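Participant: Please read through the structure below; I'll follow up with questions.
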Amino acid sequence: MNTGAIRSIYNHEMQRFFRTIWQSIASPVLSTVLYFVVFGAAIGGRIQSVEGIAYGAFIVPGLMMLTVLQQSVSNGSFGIYFPKFSGTIYEYLVAPAGWIEVTAGFVCAAASKAILIAFLILITSFFFVGVHIAHPFWMLAFLFLTAFAFSLLGFIIGLWAKNFEQLQVVPLMVVTPLVFLGGAFYSASMLPPFWEAVAKLNPVLYLISGFRWSFFDMADVPVGLSLFAVGLMIALCMFAIRWIFLTGWRLRE
């Protein structure tokens, strides 16, 4: 494996991020404050607790997952789409680096950006509520795995998209609704039995459930299923990316 190629792509993407770091940080932090004001204060005044957990603290994992999924997909897709748009992607295709190195460089950078912003949101939440992390190791594990999985998804979207409009379709029309319907701000156990069963068809529910378990030791689905879901997503995305690079689909147009 050409680790030099991975390091070069990763450093290039991270430098681009740090050139606009205040813009990249200000937006998610401001959004987090607004969520706490609206959901924590307004709705939290009506919903005092969820299964014994203060509602303001309960939504912290959901807010972090919302940001991680959005940022991972956005950064992963734009990172590879811009070389396609500018025509410089051919430099990656002819370089002495395989699809694994190219993918690892872009995806690891996208995941790193999302994880950094997630930690900023966690720090911001301490100013509003008291948050206790029951399983710190698993919190980090779910955070890293989820960011990596959705950065892979974003990478695929960037390869698939032919214009900036298509680049935004999946994050806005698919990912964000799935997060809101996946228990980011409520527990699936609060739903009627029929709708609880429907909610469990949403794959994002398993990611949020596992991440919330790492905070509060409570989950809507077994933790093992959450790990299986994120592992399956990573495997499927890697298979799809390998196929794209081997066939040249959307790469040589």
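Participant: F137 versus M1, label points 7 Å from Cα toward the beta carbon: distance in nm?
Facilitator: About 2.2 nm separates the two model spin labels.
Participant: Local charge sum around G76 (other residues, Cβ-Cβ under 11 Å, Lys/Arg +1, Asp/Glu -1)?
Facilitator: Summing Lys/Arg as +1 and Asp/Glu as -1 gives 0.
Participant: Using alpha-carbon positions, what is the distance between the centroids of the stretch 136-162 and the stretch 49-106, in Å?
Facilitator: If you average the Cα positions of each part, the centres end up 5 Å apart.
Participant: Run lengths n ≥ 4 of DSSP H only: what is the helix-derived mean residue ellipticity at 222 nm for the chain, with -39500 (n - 2.57) per run over all residues, to the nearest 500?
Facilitator: Mean residue ellipticity, 222 nm, calculated: -23500 deg cm²/dmol.
Participant: Is the C-alpha gyration tensor of the stretch 101-151 telling us rounded, prolate or oblate? Criteria: a/c under 1.5 is rounded; beyond that, a/b larger than b/c is prolate, otherwise oblate.
Facilitator: Oblate, since a/c reaches 1.5 and b/c is not below a/b.
Participant: Shifting gears a bit: Among the chymotrypsin sites (Phe, Trp or Tyr not before Pro) in the stretch 109-199, which ones are in a DSSP loop with at most 15 other Cβ atoms within 10 Å of the Cβ? Mind listing them?
Facilitator: Here the chymotrypsin sites (Phe, Trp or Tyr not before Pro) that fit, given the DSSP loop and packing criteria, are F126, F127.
Participant: Given DSSP loops and a limit of at most 10 other Cβ atoms within 10 Å, what is the longest stretch of the chain that contains no such trypsin sites (Lys or Arg not before Pro)?
Facilitator: Result for the longest clean stretch: 47-251.
Taken together, the values in this text are just the output of simple stated rules run on the coordinates, not laboratory data. Because the structure is predicted, anything quoted here is derived from the model rather than measured. Reconstructed Cβ throughout: ideal geometry from the backbone, glycine too, with neighbour counts over all protein chains shown.
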